[in-house]
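Notes follow the structure.
The values are calculated or read from the model by the stated rules, or taken from the named source; none is laboratory data. Being a predicted model, the structure only gives us computed values, none of them experimental. FYI the Cβ positions are ideal-geometry reconstructions off the backbone, even for glycines, and counts take in every protein chain you see. With ligands, DNA and RNA removed, areas are computed over all heavy atoms of the protein, side chains included. Shrake-Rupley method; radii C 1.70, N 1.55, O 1.52, S 1.80 Å.
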Amino acid sequence: MKILVPVKRVVDYNVKVRVKSDGSGVDIANVKMSMNPFDEIAVEEAVRLKEKGAATEVIAVSCGVTQCQETLRTAMAIGADRAILVETDAELQPLAVAKLLKALVDKEQPGLVILGKQAIDDDCNQTGQMLAALADLPQATFASKVEVADGKATVTREVDGGLETLSVSLPAVVTTDLRLNEPRYVTLPNIMKAKKKPLETVKPADLGVDVTPRIKTLKVSEPPKRSAGIKVPDVATLVAKLKNDAKVI
Ligand code: AMP
């Protein structure tokens with residue numbers, strides 16, 4: 001069984017993002033970029049399934065600019081066997097990515113597609129669900145445990161009320177939550193090995209997909225600055241302020 005793992009190149013989670021002065025988006029010039037953290041968890045899970053003998057090949061795929069190759073090399077250093085870059089400079093929205101992934105699902109016929117539950121740059125949380133709909137596959141989102149046996153995946157999901165366990169028939173789409181696993185550190189020998197693994201590049205047109213955006217960003221702005229707090233001399237004043245000024249009790 002093949003596992004397809006889509007990995008997105010995003011602004012590193014340690015970077016404090018800045019909004020461009022014209023409000024058209026976030027400034028990503030000269031900013032450290034990394035693999036979306038949920039996708040690292042997805043690659044780790046796929047590699048663990050291969051190590052357990054539940055999968056035979058792990059294929060990482062990234063859609064975006066040429067530099068996404070670095071993200072794919074990281075995926076291969078974690079343990080993916082090969083990679084596909086769908087190269088484009090166009091702005092890619094979740095629906096376009098889902099259509100590209102659907103075309104790759106048709107081509108590669110994976111038994112499982114493991115995506116991150118969301119990309120930390122746009123927080124859309126849409127691509128996995130859209131892919132499942134387009135490819136007409138069962139889906140189990142926000143996975144905190146995945147077990148594969150007898151043509152089925154048993155997935156524990158983190159939902160508001162606690163944990164929900166689903167059984168989905170394969171092929172299926174799974175999206176990862178934070179507690180699914182702790183990705184391994186990539187070692188230097190594995191980084192070197194990853195450089196020799198195959199990385200194929202295709203264009204959206206080769207997959208017959210039109211990636212024209214359907215949504216227009218009108219404005220991006222910083223969250224309002226928090227105003228300074230005040231100190232109160234005693235509990236009675238605090239209670240009075242909460243009651244009369246903040247009106248929260
Ligand atoms: P989103 O719906 O944008 O929050 O993204 C959810 C997941 O879809 C990510 O964690 C990735 O696994 C996948 N994904 C989104 N955009 C891309 C992309 N440009 N290339 C590869 N995978 C992507």
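Here are a few things to note about the model shown:
- Verdict on K216 being open to solvent by 50 Å² or more (accessible area, probe 1.4 Å), on the phi > 0 side of the Ramachandran plot and in a loop (DSSP other than H, G, I, E, B): no
- The condition (being open to solvent by 20 Å² or more (accessible area, probe 1.4 Å), under 21 Å from V31 (Cα atoms) and within 9 Å of the ligand (Cβ to nearest atom)) is satisfied by just one residue among Q118, Q69: Q118.
- Qualifying positions in segment 121-137 - farther than 19 Å from P37 by Cα and within 9 Å of the ligand (Cβ to nearest atom): M130, L131
- Listed by first and then second residue, the pairs with beta-carbon distance under 8 Å, at least 6 apart or on different chains, first residue in segment 96-123 and at pLDDT below 95, second open to solvent by 40 Å² or more (accessible area, probe 1.4 Å) and within 13 Å of the ligand (Cβ to nearest atom), are D121/K8.
- Of all positions in segment 72-94, none carries a residue that is modelled with pLDDT of 95 or more, within 23 Å of L134 (Cα to Cα), open to solvent by less than 10 Å² (accessible area, probe 1.4 Å) and more than 13 Å from the ligand (Cβ to nearest atom).
- Restricting segment 13-43 to residues that are surrounded by 13 or more Cβ atoms within 10 Å (Cβ to Cβ) and acidic (D, E), the residue that is nearest to the ligand (Cβ to nearest atom) is D39.
- Scan of segment 155-210 for residues that are open to solvent by 20 Å² or more (accessible area, probe 1.4 Å) and acidic (D, E), ordered by number: E158, D160, E164, E182, E200, D206, D210
- Scanning segment 219-249 for residues that are among the charged types (D, E, K, R), outside any loop (DSSP other than H, G, I, E, B) and open to solvent by less than 80 Å² (accessible area, probe 1.4 Å) returns a single hit, K241.
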